[in-house]
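Taking it in order: structure first as structure tokens, then the write-up.
The values are calculated or read from the model by the stated rules, or taken from the named source; none is laboratory data. Everything numeric here is computed off the predicted structure, so don't read it as measured data. Heads up, the Cβs are rebuilt from the backbone with ideal geometry, glycines too, and the neighbour counts pull from every protein chain shown.
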Amino acid sequence: MRRKTKFIHGGIVGDPHTGAVSVPIYQVSTYKQEGVGGHKGYEYSRTGNPTRHALEELIKDVEEGYAGFAFGSGMAAITAVMMLFNSGDHVILTDDVYGGTYRVMTKVLNRLGIESAFVDTSDLANIEQHLQPNTKAIYIETPTNPLLKITDLEGAARLAKKYGLLTIVDNTFSTPYWQTPLALGTDIVVHSATKYLGGHSDVVAGLVVVNSEKLATDLHFIQNATGGILGPQDSWLLMRGIKTLGIRMEEHEANTRKIVDFLVNHPAVQKVYYPGLETHPNYEIAKKQMRGFGGMVSFDVGSAEKAEQVLTRVRYFTLAESLGAVESLISLPAKMTHASIPKERRDELGITDGLIRISVGLEDADDLIEDLAQALA
Ligand SMILES: Cc1ncc(COP(=O)(O)O)c(C=O)c1O
């Protein structure tokens, strides 16, 4: 099955009882048992729900994994994955991971004894340098948020295997349409499905796909034990979103390429961050592991004042957190998504006060370019 077809025909399609072409929303918490323990595969909806199961099967298929799991948010999904580790374990993470991932590692999971190190994984030598005897996993975001740095996934997976570590990839920015990390040898994929997978700014959700029976058993145990599951209504909305992922990602990409061309040639823009630019330091790796470069772009206008001007003048770009939706969004990472990272650390990473991040939507690219032109003028 080809990729675009898989988004529509993957997982569980329709309802065999009625012929409905869409999976029904099983708004139910418990299931009748014929005798004690005699059920039809479902006992209680925290453990399993047919609508959530259909979504979990779909994401498993499109990420080419062994099993999928749906959670109430991306952070719930990431936290559940981290629960695979024990007190005293150490995880190496990409340095400019999503601010919430940094926060949960350094303010919550550290209290439970899970140690973390944040390194620039776009250079694999940095990972090897930070390995400790208690390191258990490498957690990678590629492209990163908001600097669009690229890590070589095949290389990282090879390194992880050499040292017996798990490789976990946050695939939120690329989506399985452009990048399939498990096929490159990694072990676990996580998503903020709130973003491109949902695609319409109307659902908060998280997904995980694992590549083995052992990880599936362990993660299902954690999902059921800790309970951060996705409800049936949101599972259904997410399946509806995923059906159009292919066509949406093609359009996001086409619009983004035009906008990147415009930004690169604009005198008020000091730097443009986009993995599809040949000048991007890891362009060759991006080209090798991604089928497309996505709809996220960051650009530096040099100062907080100039950034503020752009943010208040734009008409079609909504000033909002989040990304990956049909409507274009604009944000100032230093004050919004990455405000939970201390300023000294942000400066070290290059997340300056003049750095603007845009999530290019599906409006007409010419309207978006005219909008940015008047805001930058
Ligand atoms: C790359 C990335 N990972 C994880 C998350 C967390 O997901 P959620 O907001 O669905 O909890 C986000 C949210 O912005 C994100 O951008």
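Here are a few things to note about the model shown:
- Here residue 358 passes the criteria (1) away from the ligand (no atom under 16 Å from the Cβ); (2) out of contact with any Leu (no Cβ under 6 Å at 6 or more places or on another chain) except the one numbered (1).
- Test: residue 60 is within 22 Å of residue 232 (Cβ to Cβ), outside the structural domain of residue 350 (by TED's automatic domain parsing) and in contact with a His (Cβ under 9 Å, 6 or more places away or on another chain): no
- Qualifying positions in region 152-193 - more than 10 Å from the ligand (Cβ to nearest atom), part of a strand (DSSP E or B) and surrounded by 23 or more Cβ atoms within 10 Å (Cβ to Cβ): 167, 168, 169, 188, 189
Yes/no matrix, rows are residues, columns are (1) touching a strand residue (DSSP E or B) at 6+ places or on another chain (Cβ under 6 Å); (2) within 30 Å of residue 291 (Cα to Cα):
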site: 4; (1), (2): no, yes
site: 8; (1), (2): no, yes
site: 12; (1), (2): no, yes
site: 16; (1), (2): no, no
site: 22; (1), (2): no, yes
site: 28; (1), (2): no, no
site: 31; (1), (2): no, no
site: 44; (1), (2): yes, no
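- Scope region 85-144; condition away from the ligand (no atom under 15 Å from the Cβ), among the acidic types (Asp, Glu), touching a strand residue (DSSP E or B) at 6+ places or on another chain (Cβ under 8 Å) and assigned to a loop (DSSP other than H, G, I, E, B); matching residues: 89, 120
- A Cβ distance below 6 Å, combined with a sequence gap of six or more or placement on separate chains, defines the contacts here; from region 9-23, residues that are assigned by TED's automatic domain parsing to the domain that holds residue 63 reach no residue that is modelled with pLDDT under 95 and not in a loop (DSSP other than H, G, I, E, B).
- The set of residues from region 1-25 being exposed (fewer than 10 other Cβ atoms within 10 Å of the Cβ) and of a type outside the set (D, E, K, R) comprises 16, 17, 18, 19, 21.
- Exactly one residue out of 67, 54, 76 is closer than 24 Å to residue 157 by Cβ and in contact (Cβ under 8 Å) with a residue 24 or more places away in the chain, and it is 67.
- Residues in region 313-333 that are within 15 Å of the ligand (Cβ to nearest atom) and either at positive phi or assigned to a loop (DSSP other than H, G, I, E, B) (or both): 320, 321, 322, 323, 324, 325, 332, 333.
- Just one of the numbered conditions (1) more than 15 Å from the ligand (Cβ to nearest atom); (2) touching a helix residue (DSSP H, G or I) at 6+ places or on another chain (Cβ under 9 Å); (3) farther than 30 Å from residue 281 by Cα is not true of residue 43: (2).
- Being among the polar types (S, T, N, Q) and either in contact (Cβ under 8 Å) with a residue 40 or more places away in the chain or under 29 Å from residue 58 (Cβ atoms) (or both) is a description that applies to residue 172.
- Selection from region 194-207 of residues that are within 7 Å of the ligand (Cβ to nearest atom), of a type outside the set (Val, Ile, Thr) and either closer than 14 Å to residue 7 by Cα or assigned to a loop (DSSP other than H, G, I, E, B) (or both): 195, 205
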